[in-house]
6 protein chains.
Amino acid sequence: MRHDKRKPNELRSVFLGPGFSKHAEGSCFVKFGDTHVICTATVEEKVPPFLRNTGSGWITAEYGMLPRATHDRVDREAAKGKQTGRTQEIQRLIGRALRSVIDLRALGERQIKIDCDVIQADGGTRTASITGAYVAMHQALQRLVDKKALKALPIIDQVAAISCGISKGEGLLDLDYIEDSNADVDANFIMTGSGQLVEIQATAEKIPFSDKEFTNMLQLARSGIHELIALQKQVLKI
Amino acid sequence: MRHDKRKPNELRSVFLGPGFSKHAEGSCFVKFGDTHVICTATVEEKVPPFLRNTGSGWITAEYGMLPRATHDRVDREAAKGKQTGRTQEIQRLIGRALRSVIDLRALGERQIKIDCDVIQADGGTRTASITGAYVAMHQALQRLVDKKALKALPIIDQVAAISCGISKGEGLLDLDYIEDSNADVDANFIMTGSGQLVEIQATAEKIPFSDKEFTNMLQLARSGIHELIALQKQVLKI
Amino acid sequence: MRHDKRKPNELRSVFLGPGFSKHAEGSCFVKFGDTHVICTATVEEKVPPFLRNTGSGWITAEYGMLPRATHDRVDREAAKGKQTGRTQEIQRLIGRALRSVIDLRALGERQIKIDCDVIQADGGTRTASITGAYVAMHQALQRLVDKKALKALPIIDQVAAISCGISKGEGLLDLDYIEDSNADVDANFIMTGSGQLVEIQATAEKIPFSDKEFTNMLQLARSGIHELIALQKQVLKI
Amino acid sequence: MRHDKRKPNELRSVFLGPGFSKHAEGSCFVKFGDTHVICTATVEEKVPPFLRNTGSGWITAEYGMLPRATHDRVDREAAKGKQTGRTQEIQRLIGRALRSVIDLRALGERQIKIDCDVIQADGGTRTASITGAYVAMHQALQRLVDKKALKALPIIDQVAAISCGISKGEGLLDLDYIEDSNADVDANFIMTGSGQLVEIQATAEKIPFSDKEFTNMLQLARSGIHELIALQKQVLKI
Amino acid sequence: MRHDKRKPNELRSVFLGPGFSKHAEGSCFVKFGDTHVICTATVEEKVPPFLRNTGSGWITAEYGMLPRATHDRVDREAAKGKQTGRTQEIQRLIGRALRSVIDLRALGERQIKIDCDVIQADGGTRTASITGAYVAMHQALQRLVDKKALKALPIIDQVAAISCGISKGEGLLDLDYIEDSNADVDANFIMTGSGQLVEIQATAEKIPFSDKEFTNMLQLARSGIHELIALQKQVLKI
Amino acid sequence: MRHDKRKPNELRSVFLGPGFSKHAEGSCFVKFGDTHVICTATVEEKVPPFLRNTGSGWITAEYGMLPRATHDRVDREAAKGKQTGRTQEIQRLIGRALRSVIDLRALGERQIKIDCDVIQADGGTRTASITGAYVAMHQALQRLVDKKALKALPIIDQVAAISCGISKGEGLLDLDYIEDSNADVDANFIMTGSGQLVEIQATAEKIPFSDKEFTNMLQLARSGIHELIALQKQVLKI
């Protein structure tokens, strides 16, 4: 039995609130239980230098946490003057995940900048960020279509993400902070709406894992992402 | 007539939501119209080096804005690797304002760290931050009293802040972003619950102002802060 | 009685030495008592990006202190790799003050960069800087007129600044370091030659102040700035 | 047929040269084909702050590339003043991989610092680094045993790493730079000597992948790591 | 004939003004012609970590230039966030020069921090800095003797510095900026009061030089430093 | 007798290995005894801003050390976020030395970037770097000639460097780390193939030196550089 009574294959209560921001072209307030993230999508009519005059667009992401999003306060990255390795890892991951489902040539020479800011953290901030960021990005792209800046959505598929872990030999879906801290293996899966894999990150600092344990986590992830994809469809009315 | 129908001496709709955060010792979600700020207060049982072994405590503040809190996205300070002069000015101001109503010796050798993070900006982010930060700090101090770490609240008075401006010769209370951009003079006032002045900042980049115009703004501010102090009392039930 | 025998409304001995620098287009060595500042004005025939092709010019300022300008040595900002919040606050203040009396469109697309470097500090470095910077800027602009690069001086008014404080209930003009350290309230006033207000900054970290105390400081400041404006006229022969 | 005539499941020519450095406690010069990395292990008799007085040791890693290790010169990170996100990701990965096979309590309160510096890059720098870093770390730990600072090697298992990819639907082992640039999926696997998984990172920026394709890569990786583990044994004479 | 009518072996007009600063333990305002430098010496009763508990003291130096000390304004190092290589080279040179004439063990576990700040530059800022820094350091040490913190001056010898160059085949002493810019060879010599060499730096970016040309510069330097040593004696009354 | 049996005027075993790198336009692996440096030369078809449209080219250099190149590990500059003063001094020196033998106008508007990375350090890293960098640069320039991008080598002369020292009154050539640490005087000489001087740096932190001692070092350096120039000729087959 999990400490919050969930079944091993049960997601936390998930909320996706598109259109949260007054200013951004696309936005989503996402909750995976007590993990709360604000995702915004900003459209810029220019691309990074390496794409200039290529006809291709770009999707990039930045990630941050409020200093007291966590149980103990962590130093503000802006005050320290640099982003941690963890922050950079996560924002690179978010960017890759979103680019995997976009036709960058159809997007044209413009850039979508995704900002994922964690207001409150309780495990799974990167998977919540990716799942919400897709919604924000979809909104921003739909707005470009509505304004006739794009003929059609340059979207190939949906994308969502979820974490899994192995704790005392059992596979668990969507770990919260306490579970994550005690798990032997921690994995993040990113998949498309059609169930293809986009990214796998599985790490064992404590106890190495077998192929079978990995396969178990992969199946849990597949069912969780299936639910998230459906919820994205529902809130985006697609 | 103001663009949002307010009277010259009328505040925007103000909301103070204490206890917003799952983790922080004190917190407040504050709204001044469309300006939304998360304020948290963190208690640390140690002081900065210059206060060690003095028996005195400290209150300090940090301020930040989500990149897309504003109409156009601004670069993330953590990614640029430094805080702007504006950010530093504001966080120093918040810290001074709070320290002005605290008996630092009665606080003892501990530090309260205030974080004010602007989720959405529409003018007046520093005055909303100060007004909400007081609530978060009060909560954190009350918790120390409840835990018997302090015998009594080391609070001398309440403190709140509001902006004023002069536009086309008329004094206006609590400017939103559009009003602020068009004002000839921009001023911020910080006052205590008993109506004493803690800080005045008045700036004219466009048209210098007279003593009389200043006095008008001071009176507007006094009435606005009176309301904010009452609202703080109400939500803190003091 | 003040520790240096001055009357409450008496400035320290003030010296303004225009043309101090061999290289700069405008310069002024300014002394407010033992506070000594070198102000230079550099003319650059280009503007910051946000003003390109607008026809408008810009005035900006940088501020620094020699490490041993103060009683105890402070770390060199260049060695630490960043400017303190205080430095940034002051240099933004100097820039705003000077821009308030310049017709930036008449200046054309060029920039005046002001450098204020404190050689020795004894209170009031920011007010001395502003008062001297005006002289340096005037010189630089006059040189542009002499070279026929400008038809007329794009100057709307003079500008000068002075500090005031409240100590043991009494208002004092032009605080030196000892007075400043002991004052309950510290205020800086910037005014034009015609006596209009450009900026007010009044801060009480120790004891909040009343409207009446503020008005007293404002009157002291007015008389002090009147003297400084006259001295600027004299050294600039205008 | 691969461009260098290798079979899909064939490693490049691998060289592990322990004891390469005159100064370091442990070292290994590793070559995976034209990818050449210098790995050193430094023993420090103190631990990071979070482990002080816990009785536990630590393994950490840093990674770098000479500016002209690559086909086109990349800017020197020391000159730019910061490490890229990629560098941080890789050095965190190396550290985790090594810690997964060490009994940190048996190591005692000391730290092994691993430096992996890429002299020449041709794909697979992170997997070569991990494979060589194990050898360097083993040497450094053996020296502690030889000096009687440790009673026994605090090593639970060996660890090595290899990359795989999917190109035109086919799984390939140990990609060089050209293959890596053209692959649809890029994956890195880290396993122990006993064949357990320590870390999986699989990424598809171009074409998402199926479970079956993933399983194919996992099998390739297993055979490659088997060979690397054997080679480590041989050069370490264990 | 030199452009300012000096003979090849003639110094510019040199001024050494000890006791320039109100605050510093030792200070000297030094002029080599139009090159003006403020040198201060600060005594700190602690040493850098590598000297703790060794019984030995330390002398270190920092160097800076006001942004408009030069003909064209150079960016402020504090604003850019780092010191140039040139700055670091010069401040390391100043520190070494001063340490060469001090008995660091006799100084005891304290540090003298020298600050050399160039107010106006016209060639030879490093040699003026060293020559003036000696005077400031001497003052600070004398004050320690006067306060009985030291039994005797821990000074082994005096030290001073001068530049030489080769222009159109002719050796020149104490180059100003115009001469320096046009010289084929640029050299700096640091010598003790007794005429021993402490440091030689000779550089030919344009035309390499012969042993004979070098010897000529060395002789010029010797005569110039002889004069500077005498002037130091005179102003210090030793 | 020197600790490694060398005669006072004897170089360590010197190795110059051109063409070491698979990627770089020019490269050389250089050994001065146990000091090992990788030198690469990269050709860029653009120049720094100050040379644009002048028709002139540029040679610049960067220098680094692997963290464990030394007996004790030194912090990685990329991780600390800045290069030490020593690093900057050395890389400026290498650049000047190479520029002194190149006709920059004949090079045309292109830049050669030299990277010198110390793999293992045992004294004399800067002199080994310069001697090897010349070989790498020569290779890169020869390749430009071979590709017809240049009509002829824009090389005026060869250049090489060696260190000398004075220990117990005796002059020594090519100090290793132990000798360097114990020497009273440390000097570096850079000379051309025709025996002219390009740079002299002589420093006495411990005991100042006489003209005669300096002349002795100069003669030792001359003989050592003569050998290095011959070896460069041999490996470059010129």
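The values are calculated or read from the model by the stated rules, or taken from the named source; none is laboratory data. Everything numeric here is computed off the predicted structure, so don't read it as measured data. Reconstructed Cβ throughout: ideal geometry from the backbone, glycine too, with neighbour counts over all protein chains shown. All accessible areas refer to the heavy atoms of the entire protein, side chains included, with ligands and DNA or RNA removed. Shrake-Rupley method; radii C 1.70, N 1.55, O 1.52, S 1.80 Å.
A compact table of results
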| item | result |
| --- | --- |
| Counted residues, the range E:110-142 - those being in a helix (DSSP H, G or I) and within 14 Å of chain C (Cβ to nearest Cβ) | 8 |
| In the range E:39-93, residue surrounded by the fewest Cβ atoms within 10 Å (Cβ to Cβ) [restricted to those that are of a type in the set (A, V, I, L, M) and touching a Phe, Trp or Tyr at 6+ places or on another chain (Cβ under 7 Å)] | E:Leu51 |
| Which listed residue is open to solvent by 20 Å² or more (accessible area, probe 1.4 Å) and either at pLDDT below 95 or in a loop (DSSP other than H, G, I, E, B) (or both), from C:Leu153, C:Leu231, C:Leu175 | C:Leu153 |
| Odd one out for F:Ser210 among (1) out of contact with any Phe, Trp or Tyr (no Cβ under 9 Å at 6 or more places or on another chain); (2) more than 14 Å from every other protein chain (Cβ to nearest Cβ) | (2) |
| Counted residues, the range C:89-109 - those being touching a Cys at 6+ places or on another chain (Cβ under 8 Å) and more than 11 Å from every other protein chain (Cβ to nearest Cβ) | 1 |
| Single unsatisfied condition, F:Asp146 versus (1) over 23 Å from D:Met65 (Cα atoms); (2) within 14 Å of chain D (Cβ to nearest Cβ); (3) not aliphatic (A, V, I, L, M) | (2) |
| Flag if E:Ala187 is in contact with a Cys (Cβ under 8 Å, 6 or more places away or on another chain), closer than 20 Å to E:Ser100 by Cβ and assigned to a helix (DSSP H, G or I) | no |
| Filter pass, C:Gly26 being of a type in the set (Gly, Ala, Ser) and open to solvent by 10 Å² or more (accessible area, probe 1.4 Å) | no |
| Selection count, the range B:8-29, where residues are within 14 Å of chain A (Cβ to nearest Cβ) and either of a type outside the set (Ser, Thr, Tyr) or not in a loop (DSSP other than H, G, I, E, B) (or both) | 12 |
| Any pair with Cβ under 8 angstrom, 6 or more apart, that starts in the range B:151-164 at a residue that is touching a residue at least 40 places away in the same chain (Cβ under 8 Å) and ends at one that is among the aromatic types (Phe, Trp, Tyr) and in a strand (DSSP E or B) | B:Ala161/B:Phe189; B:Ile162/B:Phe189; B:Ser163/B:Phe189; B:Cys164/B:Phe189 |
| Failed item, numbered, when F:Ala221 is tested on (1) under 16 Å from the mean Cα position of the chain (by Cα); (2) surrounded by fewer than 24 Cβ atoms within 10 Å (Cβ to Cβ); (3) hydrophobic (A, V, I, L, M, F, W, C); (4) not in a strand (DSSP E or B) | (2) |
| Of the criteria (1) within 24 Å of F:Arg99 (Cα to Cα); (2) hydroxyl-bearing (Ser, Thr, Tyr); (3) at the interface with chain F (Cβ under 9 Å from one of its Cβ atoms), which one E:Thr192 fails | (1) |
| Unique match (being at pLDDT 95 or above and of a type in the set (Ser, Thr, Tyr)) among D:Ser181, D:Ser163, D:Ser167 | D:Ser163 |
| Contacts under 8 angstrom Cβ, first residue in the range D:196-223 being among the hydroxyl-bearing types (Ser, Thr, Tyr), partner assigned to a loop (DSSP other than H, G, I, E, B), 6 or more apart | D:Ser210/A:Gln196; D:Ser223/D:Asn9 |
| Tally of residues being in contact with a strand residue (DSSP E or B) (Cβ under 6 Å, 6 or more places away or on another chain) and within 14 Å of chain C (Cβ to nearest Cβ) across the range B:65-88 | 1 |
| Per-region count, the range B:156-170, residues surrounded by 22 or more Cβ atoms within 10 Å (Cβ to Cβ) and in a strand (DSSP E or B) | 8 |
| Extreme residue, surrounded by the most Cβ atoms within 10 Å (Cβ to Cβ), among residues of the range D:94-142 that are free of Cβ contacts under 8 Å to residues at least 60 places away in the same chain and under 27 Å from F:Gly64 (Cβ atoms) | D:Ile94 |
| Yes/no for C:Gly64 being in a strand (DSSP E or B) and either under 19 Å from E:Pro67 (Cα atoms) or not hydroxyl-bearing (Ser, Thr, Tyr) (or both) | yes |
| Which listed residue is outside any strand (DSSP E or B), over 28 Å from E:Ile114 (Cα atoms), more than 14 Å from chain B (Cβ to nearest Cβ) and in contact (Cβ under 8 Å) with a residue 24 or more places away in the chain, from C:Lys5, C:Lys46 | C:Lys46 |
| Given (1) modelled with pLDDT of 95 or more; (2) out of contact with any His (no Cβ under 9 Å at 6 or more places or on another chain); (3) over 18 Å from E:Glu10 (Cα atoms), index of the condition E:Gln158 fails | (2) |
| Residue list for the range F:184-208, filter: open to solvent by 10 Å² or more (accessible area, probe 1.4 Å) and of a type outside the set (S, T, N, Q) | F:Asp184, F:Asp186, F:Gly193, F:Gly195, F:Glu205, F:Lys206, F:Ile207, F:Pro208 |
| Flag if E:Thr35 is among the β-branched types (Val, Ile, Thr) and open to solvent by 30 Å² or more (accessible area, probe 1.4 Å) | no |
